[in-house]
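J.: Have a look at the structure that comes next, please.
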Protein chains: 4
Amino acid sequence: MTTDERLQEYYGRLQSRHLGPLWDSLQSIMTKEPKPRAIPYLWKWRDVHDFVMESGQLVTPERGGERRVVFFRNPGLEALEPWGWGSLTHTLYAGVQLLLPGEKAPSHRHNQNAIRFILEGSGAYTVVEGERVYMEEGDFLITPAGLWHDHVHEGDQPMLWLDCLDIPLVYELGVTFFEAHPEFNQPVTRPDNFSVDRYSVAGLRPLQDRENRYAPQAVFKWSQTKLALDGLSNQDPDPVDGYAVEYVNPATGEAAGHTIGAMMQKLPSNFHGQAHRHVHGAIYHVTRGEGYSVIGGVRFDWQKGDTFVIPNWAWHEHVNTGPSDAYLFSTNDLPVMEALHLERSERYTEGHQAISERFTGVESSVL
Amino acid sequence: MTTDERLQEYYGRLQSRHLGPLWDSLQSIMTKEPKPRAIPYLWKWRDVHDFVMESGQLVTPERGGERRVVFFRNPGLEALEPWGWGSLTHTLYAGVQLLLPGEKAPSHRHNQNAIRFILEGSGAYTVVEGERVYMEEGDFLITPAGLWHDHVHEGDQPMLWLDCLDIPLVYELGVTFFEAHPEFNQPVTRPDNFSVDRYSVAGLRPLQDRENRYAPQAVFKWSQTKLALDGLSNQDPDPVDGYAVEYVNPATGEAAGHTIGAMMQKLPSNFHGQAHRHVHGAIYHVTRGEGYSVIGGVRFDWQKGDTFVIPNWAWHEHVNTGPSDAYLFSTNDLPVMEALHLERSERYTEGHQAISERFTGVESSVL
Amino acid sequence: MTTDERLQEYYGRLQSRHLGPLWDSLQSIMTKEPKPRAIPYLWKWRDVHDFVMESGQLVTPERGGERRVVFFRNPGLEALEPWGWGSLTHTLYAGVQLLLPGEKAPSHRHNQNAIRFILEGSGAYTVVEGERVYMEEGDFLITPAGLWHDHVHEGDQPMLWLDCLDIPLVYELGVTFFEAHPEFNQPVTRPDNFSVDRYSVAGLRPLQDRENRYAPQAVFKWSQTKLALDGLSNQDPDPVDGYAVEYVNPATGEAAGHTIGAMMQKLPSNFHGQAHRHVHGAIYHVTRGEGYSVIGGVRFDWQKGDTFVIPNWAWHEHVNTGPSDAYLFSTNDLPVMEALHLERSERYTEGHQAISERFTGVESSVL
Amino acid sequence: MTTDERLQEYYGRLQSRHLGPLWDSLQSIMTKEPKPRAIPYLWKWRDVHDFVMESGQLVTPERGGERRVVFFRNPGLEALEPWGWGSLTHTLYAGVQLLLPGEKAPSHRHNQNAIRFILEGSGAYTVVEGERVYMEEGDFLITPAGLWHDHVHEGDQPMLWLDCLDIPLVYELGVTFFEAHPEFNQPVTRPDNFSVDRYSVAGLRPLQDRENRYAPQAVFKWSQTKLALDGLSNQDPDPVDGYAVEYVNPATGEAAGHTIGAMMQKLPSNFHGQAHRHVHGAIYHVTRGEGYSVIGGVRFDWQKGDTFVIPNWAWHEHVNTGPSDAYLFSTNDLPVMEALHLERSERYTEGHQAISERFTGVESSVL
Ligand SMILES: [Fe+2]
Ligand SMILES: [Fe+2]
Ligand SMILES: [Fe+2]
Ligand SMILES: [Fe+2]
Ligand SMILES: [Fe+2]
Ligand SMILES: [Fe+2]
Ligand SMILES: [Fe+2]
Ligand SMILES: [Fe+2]
């Protein structure tokens, strides 16, 4: 036998005993830089919207299925079973939920954290651990791990929102817990507008929340977010991210969504952000405006409602090509990277990337 | 010699060698419950105001004297040298500062923390580490330890505010540092309204403040504080403190004033709070309204502008006797007690104290 | 079309657009309890040892391959590409490294944390960030993320040790970094026995380490570990884990291996531990003695040198059937679960599990 | 009236209303650098020992007096009432306690933290929250705030130790709590040598102490401390402090004495440490050897048993003039300064101070 044949024979025996040779696999397992399987990708709102509305005719939200959501599957991750674990990034699931007038979605709890960003409609509310929160376009809501939650729609128009959870993270760790509430909907035990009334203003904490700091603010209203960004806009924009605010727990300064970071950016007209990259991955949803982002040298054009993903360690920059302010909502796994001391970031020396290609959808998305 | 004579002779020799007998002093040094030397006391605004205005004719704020402030001296602490260390509680100094139109107070820094609560006037600003902050009635400002600060008055009416610092604490620890700025006033390096523009809304932190969290919010405007209390007022009041919000660092949830806690309470008309006590001491300043507080069984009547002190571990309760909401600003050393793990508190079982006496000023304040 | 046909047609269209229906996949993605793909398994030392020694004739540790390690592949995880990511649990890689007399393994660093537990031999040392640490049987060493490390063998017998890294975690997060040192071996810059001389005794920290607390103790000697367990043995054993000590950073009390927990257990003769389960997974290596563990109702018999794995949330209990003390080294991902607030645990009500099956190797390991 | 007369008249009126003028007192209250009232001082062991032994003939430890201790009164602080608050530094009390064969000291608890360093004798034990700890020369013990503690002497020689508590700090804050145990001595509930058996080795924490970290190690044996210092002595000494270890909580790395820092230094023969200063104050007790310290330019000669004090921010350096190693035990308020963010330190540029004077006791100590 040649040396190589001896090695192959040895590898075969190793494999049969559930063992492996590090020297032969180290370079694929321990890459010099991150090689995420997640790829940059973009979904057009028209498509997503149509699919979601169609689901309204096909299924109802009921015990077992629990929620009527069409979720995004990162083409680089969808081979994973089951269902690509619903991965949009390596740690995050995201989807668009539809609740029709008069519908209810059952109450449950799980050890995944969830955040919600409202896209269309009004008149529906979610109940989180006894607190009823009405939802309006642009609102940001949190459903921290372990809290009961369900939804009720009292309005007369379809209600759509973006859900984001750390499902792939918890699934991959092998530690998922999920529990259905004994009743279809949990009882409401707190006065309406509980959070809104308690948390309106920066730096003022209700005295009673000194001891009780687990996710005290259930909702961040769009009108407030708008106000905060308008305030910031009197100053210079960040060269990379424009005017940007993070949603945080006002009692601790930690990410409002616990393992899930979230922010809202406002890019003024003609803003062309500089490129940077970071270890954490991000999911973007265009709230208003039109423009493009360059991710790893590929140009992704976007407008209101589109969703796109920035994988870990990919260079990226954002450009507003429209006549007015663009607003980008995004969510990320920065808190996970920080908790595990894995975060790094760097600026792109030349400022802007050269554009090698323009993303055109399914066809060009094969890497 | 009798045994007692032998002991006295022994004590005399001990004393001459700078030694002491614990068995003879333990009961005075280690009391069963706190016996603060600070006493409950109240100053009427009319008096304080007149003294402060008179000082405007006698002295100017200049390098060396630095500030034109009339400070409160707790009758139980004023024997301490020098000047009772300016003690209103065991750890806190407080006084009323006057800045006249056209005046400037020089720039300095120190290792005491300071907070300011604006009482009258407008058109003056303070500069803290390059950030100019205009001051209006009801605003709360912070000047954390180590930051340069000075004041300039561009308006046309006298400007009065309450200062509170942890001077007695730092003095008693024997570790005071103070430094004058090489220039009379430091240069302004940040855009106007820097803090106000960055921090308006609960739970939204400017992205750029993720890394830079030392005292990011320099001012808490009265209009915002009012808004927060109005929001809270849609819910049930706290049985002890009514509607109350603490001033906190919005990036961390810690006390905005670092070692100095501060809060604003709104007592609705006819509110009669239940009694409690806590290890930390507090200084109250009546922002609006009229009523009384019962401290250790003594009734202290108050109205707008009055200042009173609640010593450590004293029972206390607050009552609004006026036709409209009363607002009480207060400051305390809770952060010190928490940092040293000394805080405790308890509710008064009977709810309200029996009133044994009514405070009438200097005469009755002798213990 | 029937409803079901319509749904299937819809699902096909969804899939082609990289979208998915939550209602149809929620029950597989969000299980009621953890369903880790990792399975309980055990490798006999004789097998592993032979494979490792054979590798000594086939390959050398050199730049590129870096290390001569035979690693364990959990049968439930090996379908993952590449190489099952070297997963023994969902987050942890482990393998047995061989260094022959006179050999050197090159210097590199990576953002995975590593720990090492020495199995056989002496005379070799590892250099971690300029500190040379000699390795002897039973020693526990750490190589925290980001520190340069390489190995040199000056002795005359083969040196074997167990390596454990958080490779699968970091790989799955998509954020791996790896860097080769410009030289084959880094220079030694610290005196020999640096850690041993600085950290011997509980509760005494070198004054100079007050500020410098990143992984101050590079090695935990077996003689010390033995001493600690002997001390504990004067007290009652823990009903589940016997006498057990965790390897922690003596300057902070955190896990010595950062994301990797590790402990040494001593089970006295006839000890039959009670069953419990916890969210974190664990890898066990038998240091001394003989006995068995019951994992999920299956009995795994073990003796010195064997390696076995306890998946997340699996019931397990340990039994010493030998005449003398058994020592079990183990490593786990508890620090990850704690950092992400995912940890839970519970005791088995009946104390001991019923044994349904006895593990006999490859054949019976198919679940 | 002249301006000055007007001011004096005004000051008089202010004073009568319990008010004060900041501009006239700022320079005494807010000094450029710390001006602690504590002064450097030294007590000879012969004196202290004789006084302590004499107390053994005069009093017994009994309920009310509680402990037979002769405490040190810093000459700069003894004017304070009562009893100078037992202040040796601004925050710390220290004294020498005597327990005679057969004696018992009653059980109590308080919100001051205490540490103990054993000077002479054996056969006595202290009980802390049910844990009996035998005391031998050189041992360091902790009695954290809130835990019941009492002493029993079963040996046949007098037992002496140094006590240190944060009495002046807690007294000055006005928040002292003290409580006598309903029984004279509390029951012993833990096995003997509980701490010693659980905590012997650096970096190994009993698994069961993962959740229970409040002061897990009650005693630090001299033999262990010696071992730790001998290990360190294989390396270079710190230029200021020689070989020095801090007593820390092995489960957290925080000061073992909570608010009270403590360390043991070993100065090799001929060691002449460089000068430095720091905000925190310190109390030194000479455990072995002879030498001198220069504090603020004054030379304090010391030998075994002597006690001396280094006030806040005073320059100081230590010199061993004897033929063998000198050991200095010391205790300090560094944890308080750190908790309040007040700590600073600096090295003396010239390395050693010029000596202006030699301390000769009472006579020269008048400042
Ligand atoms: Fe949910
Ligand atoms: Fe980014
Ligand atoms: Fe100041
Ligand atoms: Fe109160
Ligand atoms: Fe490595
Ligand atoms: Fe376990
Ligand atoms: Fe005591
Ligand atoms: Fe020092």
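J.: Do the conditions hold for B:TYR171, that is, is it aromatic (Phe, Trp, Tyr), touching a residue at least 12 places away in the same chain (Cβ under 8 Å) and over 20 Å from D:LEU26 (Cβ atoms)?
T.: No: the conditions fail for B:TYR171.
J.: I'm trying to understand the selection: among the residues of the range A:319-339, which are within 14 Å of chain C (Cβ to nearest Cβ) and either open to solvent by 10 Å² or more (accessible area, probe 1.4 Å) or within 14 Å of A:LEU267 (Cβ to Cβ) (or both)?
T.: Within the range A:319-339, A:ASN332, A:LEU334, A:PRO335, A:GLU338, A:ALA339 qualify.
J.: Right, another one. Is it the case that C:GLU9 is surrounded by fewer than 19 Cβ atoms within 10 Å (Cβ to Cβ), closer than 30 Å to A:HIS49 by Cα and more than 7 Å from chain A (Cβ to nearest Cβ)?
T.: Against the criterion (surrounded by fewer than 19 Cβ atoms within 10 Å (Cβ to Cβ), closer than 30 Å to A:HIS49 by Cα and more than 7 Å from chain A (Cβ to nearest Cβ)), C:GLU9 qualifies.
J.: Determine whether D:VAL69 is touching a residue at least 40 places away in the same chain (Cβ under 8 Å), aliphatic (A, V, I, L, M) and at the interface with chain B (Cβ under 8 Å from one of its Cβ atoms).
T.: Criteria met by D:VAL69.
J.: Take D:ASP163 and tell me if it is more than 14 Å from chain B (Cβ to nearest Cβ), away from ligand 2 (no atom under 16 Å from the Cβ) and touching a residue at least 12 places away in the same chain (Cβ under 8 Å).
T.: no
J.: So A:MET53 ticks every box in (1) at the interface with chain C (Cβ under 8 Å from one of its Cβ atoms); (2) in a helix (DSSP H, G or I) but one. Which box is left unticked?
T.: Only one criterion is unmet by A:MET53, namely (1).
J.: May I ask you to verify whether A:ASP150 is within 30 Å of A:ALA282 (Cβ to Cβ), within 14 Å of chain C (Cβ to nearest Cβ) and assigned to a strand (DSSP E or B)?
T.: no
J.: Looking at the range B:81-124, what strands (runs of 3 or more DSSP E) fall wholly within it and have at least 1 residues that are open to solvent by 10 Å² or more (accessible area, probe 1.4 Å) and away from chain D (no Cβ under 13 Å)?
T.: The strands (runs of 3 or more DSSP E) meeting that bar are B:104-110, B:114-120.
J.: If I ask for residues that are open to solvent by 20 Å² or more (accessible area, probe 1.4 Å), facing chain A (nearest Cβ under 9 Å) and closer than 17 Å to B:ARG190 by Cβ, which ones from the range B:201-220 would you list?
T.: Matches in the range B:201-220: B:GLN208, B:ARG213.
J.: Then there is this: Could you list, in sequence order, the residues of the range A:38-60 that are free of Cβ contacts under 8 Å to residues at least 60 places away in the same chain and buried (at least 20 other Cβ atoms within 10 Å of the Cβ)?
T.: The answer is A:SER55, and nothing else.
J.: Let me ask another. Output the number of residues of the range B:275-295 satisfying the condition of being within 14 Å of another protein chain (Cβ to nearest Cβ) and either more than 10 Å from ligand 4 (Cβ to nearest atom) or within 13 Å of B:PRO40 (Cβ to Cβ) (or both).
T.: 5
J.: Still on this structure: Hey, does the range C:172-184 have a residue that's under 24 Å from the mean Cα position of the chain (by Cα) and closer than 15 Å to C:MET135 by Cβ?
T.: No, the range C:172-184 has no match at all.
J.: Quick check, is A:GLY242 surrounded by 19 or more Cβ atoms within 10 Å (Cβ to Cβ) and within 16 Å of ligand 1 (Cβ to nearest atom)?
T.: No.
J.: When you look at D:THR225, is it touching a residue at least 12 places away in the same chain (Cβ under 8 Å), more than 16 Å from ligand 7 (Cβ to nearest atom) and more than 24 Å from D:GLU343 (Cα to Cα), yes or no?
T.: So D:THR225 passes the test.
J.: Right, here's the next one. When you look at A:TYR247, is it of a type in the set (Phe, Trp, Tyr), within 9 Å of chain B (Cβ to nearest Cβ) and within 18 Å of the chain's Cα centre (by Cα), yes or no?
T.: The answer is yes for A:TYR247.
J.: Report, by residue number, each residue of the range B:285-318 that is on the phi < 0 side of the Ramachandran plot and open to solvent by 10 Å² or more (accessible area, probe 1.4 Å).
T.: B:THR287, B:ARG288, B:GLU290, B:TYR292, B:VAL298, B:ARG299, B:ASP301, B:GLN303, B:LYS304, B:ALA314, B:TRP315 - these are the residues of the range B:285-318 that are on the phi < 0 side of the Ramachandran plot and open to solvent by 10 Å² or more (accessible area, probe 1.4 Å).
J.: Quick one: which of A:VAL188, A:VAL170, A:VAL175 is open to solvent by less than 10 Å² (accessible area, probe 1.4 Å), of a type in the set (Val, Ile, Thr), part of a loop (DSSP other than H, G, I, E, B) and away from ligand 3 (no atom under 16 Å from the Cβ)?
T.: Among A:VAL188, A:VAL170, A:VAL175, only A:VAL175 is open to solvent by less than 10 Å² (accessible area, probe 1.4 Å), of a type in the set (Val, Ile, Thr), part of a loop (DSSP other than H, G, I, E, B) and away from ligand 3 (no atom under 16 Å from the Cβ).
The values are calculated or read from the model by the stated rules, or taken from the named source; none is laboratory data. Every value quoted in this text rests on a predicted model; they were computed, and no experiment measured them. So basically every Cβ, Gly included, is an ideal-geometry build from the backbone, and we count neighbours across all protein chains shown. The accessibility values were calculated without ligands, DNA or RNA, using every heavy atom of the protein model including side chains. Shrake-Rupley method; radii C 1.70, N 1.55, O 1.52, S 1.80 Å.
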